[in-house]
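Worksheet: the structure to be examined is printed underneath.
The values are calculated or read from the model by the stated rules, or taken from the named source; none is laboratory data. This structure is a prediction, so every number in the text was calculated from the model and none was measured. Here the Cβ positions follow ideal geometry from the backbone for every residue, glycine too, while neighbour counts run over all protein chains shown.
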């Protein structure tokens, strides 16, 4: 079961993100499209979306995303 959608950029490939976030590679889908319409259109709505972040504290950012998801439920 896939839990994460890793979205890369022209400088950072999406395949690098699982290692940076500390998540299993096999739980990820990868894409380069970063717009809400496309994400919802292709059924990525239930996945946590992971993107490259400027400050580089990926583990903390993942904790924030998971907390936000719990609060929205």
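Each residue in the range 1-17 was checked for being under 18 Å from residue 46 (Cα atoms) and surrounded by 19 or more Cβ atoms within 10 Å (Cβ to Cβ), and 4 of them qualify. Within the range 16-53, being modelled with pLDDT of 85 or more, touching a strand residue (DSSP E or B) at 6+ places or on another chain (Cβ under 6 Å) and either more than 21 Å from residue 70 (Cβ to Cβ) or in a strand (DSSP E or B) (or both) holds for 17, 18, 28, 29, 30, 48, 49, 50.
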